[in-house]
Every structure is written in C-alpha cells, then in structure tokens.
Amino acid sequence: MSTPEKADADIYQVDGEVDQLTEREKELLRLEKELNAKLDKELIDNPDKVPKAVWFIIPNEFCERFCFYGIKPMLTLYYQNAAGLDPVDTKVQVHSFTMMAYFFPLLGAAISDSWLAKYETIIYLSVIYLLGTILLAVFSINGLIGQYGQLPTWAITLPLVLIALGTGGIKPCVSSHGGDQYLPHQKKGLDWFFALFYVSINVGSLITKNVTPIIKNNITCFGTECYFAAYGLQSILFGVSIVIFICGKKYYRIVPALGEFLPWKALKGSIYAAKRYYKAKPEERVRRGSWLNFAEETVGALFVTEIRLFGRVLGMIWPVLFFWMVYDQQSTQWQQQYQYMNKKFGSLTLAPEQSSIYNTIFIILFVPFCARVVYPTAEKLGFRFTLLRRMAIGFFLVVLSFAISGILQIFVDSHFDGKTVGKNIVAGPNSLHGAWQIPQWIVLSFGEAMLSPSGLQFTYTEIGRQMRSTSASFWLVTTSIGNLVVTVVESGLKGTSVQGPAKYFFYTGLGLFGNLIFIFLARRYTYKEDREKSDLEKVTEPKE
C-alpha cells in the first residue's frame, strides 16, 4: 500500500527510494504539495499547457538582461571619460564588477536555500539592484558629485556593488524558479521554457547593446554626453520588470526553502568524515570503503553521494576560470582596441560600446547550429561529441580568438591615424577598419556556443538532485575567479613592458595553459551515467 510520502515522491519523481529521504525532506515534499495543490492539479490535467507563471517570468528576465547588458558595455568608456581613469585602471574596475556579479550567486543561493525561498529572494535583491541603477544614473549628472572627467571613482563603484549584489544574487534563483513552475513529467514544456528563457536573454542583450549607446551619444544633458538618460532607461525598465514579476505571484508554484545552505552542509560533512577517517582503525576504513562514507551518520547516505558527485564536478570545471579570464575581456580589451579603429560603416558609426553586438548576433546563430547540425553530424560520422569534448574545443577556440586579436593589435598600432583628445581617442579614416575585428568575434562566439551551454548541462546532469543549484552557483563562480585573475594580472603588469600585443599573447598563453589542464582532467573523467552502468554490470555479473 502506498504511503503519503511515497505518493509525494512519485508525483515529484524524487531520486532514490523514499526511505532514503530525511524527515526534513519528507516534510518539505508534503508542504510543497499543500502549497501548490490547485496549481499542480491544473498542470496534471493540462500537461501541454504553458503555465501562466511563465508569462511573468520571461518578461522579467528580458528586462533584467536589458538592464545588465545596457550598463556593462558602457562601463569602460564611462570610467575613462567620466572618472578620468587610464585604460589599465579602467580594466581593473570593470573586471572587478564582473567578478562580484558572478560571485554573489553563492549569496543568493544561500539566502534562497536557507531562508527566503526563491520568490522573496528575487524580490528583495531586485530592490537592491534597482537602487544601484538609480544611483548610477543620478551620480552621472555632471556637477552633482563631481565634474565630468573628474567624477570620484566611488560614485561609479558604489552603485555597481549594489547592482552586482542584485544581479548576482537573483541569477541562480530566476531560472530555477521558472523550472519550478513545471512538474517533472512536463519535460517537453520545461525544455521549451529554457529555450524561451535563453531567447529572452539574448534578445534583451541585442536590443540594449544597440539602443543604449545611441541614447548616450545622441543626447546631451548637463553639458556632457548623456549617461543619465542611458542609465535612467535601465532603471525604468528594471522597475517595470519588478512590477511584472510581482503581478504573477498568485500563479507561481512555490518550493519551500530547505532551511540549510547546502555548500555549508557539504563542507561540514566532509570535515566530519575526514576527522573520523583519521581516527578510525584500518579495518574500519576498509569496511567503510571511502573516507567520505564516514559522514553518513551526520548527513545521510544519499547526501554523501551528492557530496561525492559535486566534488568530482568541481574538480573537473575549475580550469574553466581561464576561459572566462579570456572571454570577458571582450568588454574591456577588445573595446579599447576598437577605439583605435575606423568605426565608419558607410553612413553609420558603430560606437565602441556597440562593438560587442557581434557576439550576441553570432551566439543566437551558433547555439542552434551546434545543437542541430554540428553535434548530430559528428555523431553520425562516429565521433562521440561528449559534453567535455565540446567544452574543450570551445575553450581552445576562445583562446585562439584572443591570439587573433593580439595579431590584429600589431596592425591596429601601425595603422592608427588619429589623435587623443583628453581621454577620448579619435581614429581617423586611414586607421584600420573596425570590421577586421569580426573574425575574432566569430571564433570567440563559436567557442562560447560550444562551451557555455555544455558547461551548464554538465554541471546539472553530473550532479545529484539536491546539489544542482549549488553546482550552478559554483559554475558561475568560475567566471568570478577568471575576472579576479584579470584584475591581478593587470595590476601586476601596469608600468611594465608587457603591453599592447605582448599582453594579448600573455593572456593567450595563460588561456592555453588552462585549456591543456582541462583536457588532461577531461581524459580521466568518467561520466555519472557510465559509472552507474559499470556499477550495475558489476552487481549483475554472474559469479563463477
């Protein structure tokens, strides 16, 4: 006879037998069912129908990405022109912002898992995010905090810290909150949601990268180019996104907070296991089989397996930080390179802040091309295009794109025909044309299309049910550490002879080093599915 707990486990397709769940997990299953009884009935009766909640979550994500990608590409010139920083200090500041934005997902996950759950976490951190965008716009008013060209660095950095806290904190919550709107049997609907979610990100990015610089460059306010209007637009749109998100509250399925921060639980369990293993007698160590199994009495056997899977994934993905170290310089190093190039495309001028629009366009094209053409064709030809192989090739392509940009920098320097007016670089018509950057954008975007979606899938499929959000957060942290490396390198190289093309090749070398480590680890990695098959074969193998 089915118990209530077993029935709940069947509905939500909990991994493992119900008797492996802790009492807390059983309680959360019952609470989730009670909170969402009406919505779940609708989903069960109409499994092919799009949940109403989706039509509030997708516009919210579109507006948030419009805001973030409207702000980030303009920071390089904003620090240089408004605050008067040199290119190196500017680069350090921009990468510090990116570092924070991709570190704070850990904080967002901690708040969501242990205290507020996803919905309230998104609301509270979005308010902090909105405050940051408002301060960024207000502080840009010429003469309010300081004169244009002499704006105190803190007047830019303080709002950016709030924005980083907000965007980073909600990052692990919004997509998973959207996924929570579907029951496990609605796999096709969930795939459709994530596809639409991804489209909303890229459409928001594409529009804002084109529109926001035009507003800044074509409107004059307070006697200078109008950063106030450009940043103000982001504030307004993000405020609208919060309102839209709140309006959908009655349609949201709510998954209760776990009441504990899983990375901390995993760390405590690992420390406990290490201590017990150290004190255990040899025969006890043999009986347990693995040092981590000593944690079973504190966190349970199921979570010990989760810790083990998480450790393997973390040990595999850490070199990806070198990928992000190279990749994220598109908004700084490549933008600074473009400043010295001819920006005229016929009657149109592509501003430096708009130059990264190539990446968005190519990504929209390359991701489906890889999924529907490249990978299936490779499989038909007998090549097993595993996730790690995709990531390794994508990693190499991004490193290659930076080497290409280093070669290009040699010609940019030799063909520069222009002048520097204050902090502004005015490239003449005989300077190397900006279109020469397109090849490096193509290579970088193809590499991103291979690594980024594959990395997200890897950190989801190779992890147990409970640690998936934690795994996603640590995937984002590799971006944070990659940007930290840039800030350290830039500070160390400032004032040395390693500048211009030499600096590009230095980063290329570091990136290639990380790529080789990744390949070394990938060749020794055994996929979760393959391990499970191997274990099953050992169990079912007939004994002689």
- request: Take the alpha carbon atoms of region 317-528, find their radius of gyration, then divide it by 2.2 N^0.38 Å using N residues; give the quotient.
  value: 1.11
- request: Name the residues whose placed amide hydrogens come within less than 5 Å of the amide hydrogen of GLY418, ignoring near sequence neighbours (fewer than 5 apart) on the same chain.
  value: GLY428
message: If you consider only alpha-carbon coordinates, what radius of gyration and Dmax does the chain have, in Å?
response: 25.2, 89
More than 34 angstrom apart: percent of Cα pairs within region 33-259: 21 percent
Whole-Hz ³J(HN,Hα) from phi, Karplus 6.51 cos²θ - 1.76 cosθ + 1.60, for region 465-478, glycine and proline x: 4, 6, 9, 5, 5, 4, 4, 4, 5, 6, 4, 5, 5, 4
statement: If one compares the long axis through the Cα atoms of helix 357-369 with the longest principal axis of the Cα atoms of the chain, the angle in degrees, nearest 10, works out at 30 degrees
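Take the Cα radius of gyration of region 75-115 and divide it by 2.2 N^0.38 Å, with N its residue count; two decimals is plenty.
Values: Rg = 14.6 Å, N = 41, 2.2 N^0.38 = 9.0 Å.
Ratio of Cα Rg to 2.2 N^0.38 Å: 1.62.
Of the DSSP beta bridges with both residues in the chain, give the percent that are antiparallel, rounding to the nearest 5. Mind showing how you got there, number by number?
Numbers: 8 of 9 bridges.
Restricted to the chain, the bridges split so that about 90 percent are antiparallel.
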Taking all pairs of distinct alpha-carbon atoms in region 360-399, Kirkwood radius in angstrom: 10.9 Å
- line: Sparse-neighbourhood loop hits (trypsin sites (Lys or Arg not before Pro), region 29-69; DSSP loop; Cβ within 10 Å at most 12 others) -> LYS49
Residue-wise HN-Hα coupling along region 192-201, computed from phi with Karplus coefficients 6.51, -1.76, 1.60 (Hz; x: Gly, Pro): 5, 4, 5, 5, 5, 4, 5, 4, 4, 4
message: Taking only the Cα atoms of region 399-462, how large is their convex hull per residue, in Å³?
response: 101 Å³
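Explain nothing, just the number: relative contact order of region 33-259, from Cα pairs under 8 Å at least 6 residues apart, as a whole percent.
Working: 307 pairs, mean separation 87.1, N = 227.
The value is 38 percent.
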field: Selection from PRO47, PRO319, ILE201 lying farthest towards where the dipole of the chain points positive, charges on Cβ
entry: PRO319
- line: At 20 °C and 1.002 mPa s, the Stokes-Einstein diffusion coefficient in µm²/s for region 176-252, with hydrodynamic radius from the Kirkwood sum on alpha carbon pairs, is 142 µm²/s
Integer Hz, Karplus 6.51/-1.76/1.60 couplings in order for region 428-439, x for Gly and Pro: x, x, 8, 5, 4, 6, x, 4, 5, 7, 4, x
statement: Residue span PHE520 to ASN424: 0.36 nm per residue of separation minus Cα-Cα distance leaves a gain in nm of 30.1 nm
- request: Name the residues whose placed amide hydrogens come within less than 5 Å of the amide hydrogen of GLU225, ignoring near sequence neighbours (fewer than 5 apart) on the same chain.
  value: none
task: Return an integer: the convex hull volume of the alpha-carbon atoms of region 150-281, in Å³ per residue.
output: 200 Å³
- prompt: Where does the Debye-calculated log10 I(q)/I(0) of region 286-404 sit at q = 0.13, 0.16 Å⁻¹, using only Cα point scatterers of equal weight, no solvent?
  reply: -0.79, -0.96
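Quick note: the coordinates plus some simple rules give every number you see, no bench work behind them. Keep in mind that what you see is a predicted model, and the values were worked out from it rather than measured. Cβ coordinates were reconstructed from backbone atoms using ideal geometry, including for glycine residues, and neighbour counts include every protein chain displayed.
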